[in-house]
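Here's the structure, in structure tokens; my notes come after.
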Amino acid sequence: MSRIVVISNRVSLPDEAGNPAPGGLAVAVEAAMRGYDGVWFGWSGNVAESPGDLVHIQRGHVSYVLTDVRPADFEEYYQGFANGVLWPILHYRLDLADFHEADLDGYRRVNDFFAERVGALLEPDDIIWVHDYHLMLLARALRARGHHNRIGFFLHTPMPPPDLLTALPRHEEVVGALTDFDLVGFQTDNDAGNFARYLSTVMGAATADARRYRIGERVFRIGVFPVGVDPEGLRELAAAGLDSDFARELVASLEGRTPMIGIDRLDYSKGILCRLDGFERFLERYPEWHDRTTFLQIAPPSRSEIAEYANMDAAVSTKVGHINGRFGQVSWVPLRYVNRGYRRDEIAVMLRLARVALVTPLRDGMNLVAKEFVAAQDPDDPGVLVLSRFAGAAAELDAAVLINPHDRDSLADAIDVALGMPLEERRARHRELFAVLEANHIKDWGRHFISALTRPGRSLDQVLGRWRDAERLKRRPPH
Ligand code: F6P
């Protein structure tokens, strides 16, 4: 059987017991590689003046191969172009994109460097699967080195419409390089549709079915592969976690108040400031909830060397202080704000205990916290998911309370509705949501993608049969 070679900027080593590191990409890729012999290649997380030999770490059937990058690479490729230009544009934030030609040079250089280093490990029948926006030039760089393997790409972030993509300087080179992959996968139909329009209107690609495209001699496909979770596994993890000191201490600290939760990397795309605006409006409008609820916002720092992230960190801290100062009492703090990450089992138990989850990104590729919250709930007494319609997860989880995160009044009302929702409605919504999770299990995600990549004769509709079935589940009108 062919090996799977996964390439991503960040590689998440599982711990010694084989548990994947937390984080959407890490968990999804780890699950996708189960059952395959494989290699996962990427950045070690270290910066060195002269990157030495590759580091090889074997865990089970996967060989993790890590490379350092140079300080200039970190600045230009990671901070500069990937996270200072591509990330904001992919999240519809043209206003935050700060383009410098030198950063694009760094991006080209690191994509070439990755191609050179991983290229030396490749065998002709390896199936190569590249992840995320850091490595959009990688197929082109590998093909230029004579690698004819099948190469797929999956974008974990949103793909914006052509009007936004074309604001990216040199977009023909960067976005256009995706056409060197054999299969380009997206989280939602909306993302795939946006890319399809870019292909037709900007690149002049020809297509008969909006799935298979031709530019000159080159033929490639696009597809939709929404990342899922392991609902039963998470439910068990969360339930088991209730019998822990961590859970007991958390419950005791609530003193009978109803918990709400938000868990996000400290990133402007997550909409934390708008969420806090909505929470403040909720406290203004619904004083009957004062001293009866506690909102726990977990926000581990992220990319903090980038100015926009540092600014946002400061703005969120100020807002938290303002809300607690304005509404808090000597014996009640409405908002607990914690800047650190937690283990997977701890996250599962926090989600289980929460009556309401606020998952309100301004834009998100998928947002697995939304799915993990649903999975972690007690089906007999489930909590309520308040979900931004701009999260990729909203395309599947439409039995959640869907909101516009820019509208603080409707967010405030949605929090009140969620906190007061009767048990029967909570159960009915949860049943629908859980069924969606079961119909799109994470174990199928990698299989679907690799099957579509390696068996191009099969139609994507055949490959994605189960997902399409899930889509046919009865839909509930949005809140
Ligand atoms: O798609 C989301 C993503 O960019 C992943 O690629 C990445 O692992 C994660 O966010 C965390 O970001 P970073 O690697 O910049 O810390």
Legend entry - 14 Å beta-carbon shell around ASP112, net charge (K/R +1, D/E -1): +1
Legend entry - Per-residue ³J(HN,Hα) for the range 264-270, Karplus 6.51 cos²θ - 1.76 cosθ + 1.60, θ = phi - 60°, Hz, x for Gly and Pro: 8, 4, 6, 9, 4, 5, 7
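Just the ratio, please: alpha-carbon radius of gyration of the range 226-274 over 2.2 N^0.38 Å, N its number of residues. Mind dumping the intermediate values first?
Numbers: Rg = 14.7 Å, N = 49, 2.2 N^0.38 = 9.7 Å.
Relative to the rule-of-thumb radius for its length, the range 226-274 sits at 1.52.
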Legend entry - Gyration tensor (alpha-carbon) shape descriptor, the range 25-113, a/c threshold 1.5: oblate
Inset, instruction - With a point put 7 Å past each Cα toward its Cβ, work out how far VAL330 is from ARG109 in nm, to one decimal. - result: 6.1 nm
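Which length gain, in nm to one decimal place, applies between ASP378 and ARG343 when the Cα-Cα distance is subtracted from 0.36 nm times their residue separation?
Details: separation 35, 0.36 × 35 = 12.60 nm, distance 2.03 nm.
Result: 10.6 nm gained on full extension.
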Inset, instruction - Take each of the peptides 190-200, 160-170, average the number of other beta-carbon atoms within 10 Å over its residues, and list them starting from the highest. - result: 190-200, 160-170
Legend entry - Solvent-free Debye scattering, log10 I(q)/I(0), computed from the Cα coordinates of the range 32-75 at q = 0.19, 0.27, 0.34 Å⁻¹: -0.60, -0.88, -1.16
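Highest mean first, what order results for 203-210, 32-39 on Cβ atoms within 10 Å? List each step's numbers first, then the result.
On the way: 203-210: 13.1, 32-39: 19.0.
Listed from highest to lowest mean packing, they are 32-39, 203-210.
Might you tell me the accessible area per residue for the range 273-424, computed with a 1.4 Å probe and given in Å²?
Values: 5340 Å² over 152 residues.
About 35 Å² of surface per residue is accessible.
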Legend entry - Compactness of the range 267-321, expressed as Rg and Dmax over alpha-carbon positions, Å: 13.0, 41
Inset, instruction - Before anything else, pin down the relative contact order of the range 231-439: Cα pairs under 8 Å, at least 6 apart, normalised by residue count, whole percent. - result: 27 percent
Inset, instruction - Compute the Rg to Rh ratio over the range 1-150 from the alpha carbon atoms, using the Kirkwood formula for Rh, and round to two decimal places. - result: 0.97
Legend entry - Placed amide H near VAL224: partners under 5 Å, 5+ positions off or other chain: PHE186
Legend entry - Distance in nm between pseudo-label sites at GLU116 and LEU254 (7 Å out along the Cβ direction from Cα): 5.4 nm
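So for the chain, what are the equivalent ellipsoid semi-axes in whole Å, largest first, each being the square root of 5 times an eigenvalue of the Cα gyration tensor?
On the way: eigenvalues 279, 117, 102 Å².
Over the Cα atoms of the chain, the semi-axes work out to 37, 24, 23 Å.
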Legend entry - Relative frequency of Cα-Cα separations exceeding 19 Å in the range 306-370, percent: 53 percent
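For the range 342-405, what is the per residue volume of the convex hull drawn over the alpha-carbon atoms, in cubic angstrom? Let's see the in-between values first.
Values: hull volume 5.1 nm³, N = 64.
In the range 342-405, the Cα convex hull volume per residue is 79 Å³.
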Inset, instruction - Could you grab the relative contact order for the chain? Cα pairs under 8 Å, six or more apart, rounded to a whole percent. - result: 14 percent
Legend entry - Percent RCO, i.e. relative contact order, over the range 138-216, from Cα pairs under 8 Å lying at least 6 residues apart: 34 percent
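Which net charge results for the neighbourhood of PRO160, defined as the other residues with beta-carbon distances under 9 angstrom from its beta-carbon, given Lys and Arg at +1 and Asp and Glu at -1?
Numbers: positive: ARG363; negative: ASP163, ASP191.
Summing Lys/Arg as +1 and Asp/Glu as -1 gives -1.
With viscosity set to 1.002 mPa s at 20 °C, what whole-number translational diffusion coefficient in µm²/s follows for the range 231-439 from Stokes-Einstein and a Kirkwood radius over Cα pairs? Show your work: numbers first, answer last.
Values: Rh = 17.1 Å.
Result for D is 126 µm²/s.
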Legend entry - All Cα pairs of the range 133-237, percent lying beyond 23 Å: 28 percent
Inset, instruction - State the volume of the convex hull built on the alpha-carbon positions of the range 354-459, expressed per residue in Å³ and rounded to an integer. - result: 98 Å³
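In the chain, what % of DSSP beta bridges are antiparallel (nearest 5)?
Working: 12 of 62 bridges.
For the chain, the DSSP antiparallel bridge percentage is about 20.
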Legend entry - Placed amide H near ASP68: partners under 5 Å, 5+ positions off or other chain: SER44, GLY52
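The values are calculated or read from the model by the stated rules, or taken from the named source; none is laboratory data. Since we're looking at a predicted model, the values are computed, not measured. FYI the Cβ positions are ideal-geometry reconstructions off the backbone, even for glycines, and counts take in every protein chain you see. Heavy atoms of the whole protein, side chains included, go into the accessibility calculation; ligands, DNA and RNA do not. Shrake-Rupley method; radii C 1.70, N 1.55, O 1.52, S 1.80 Å.
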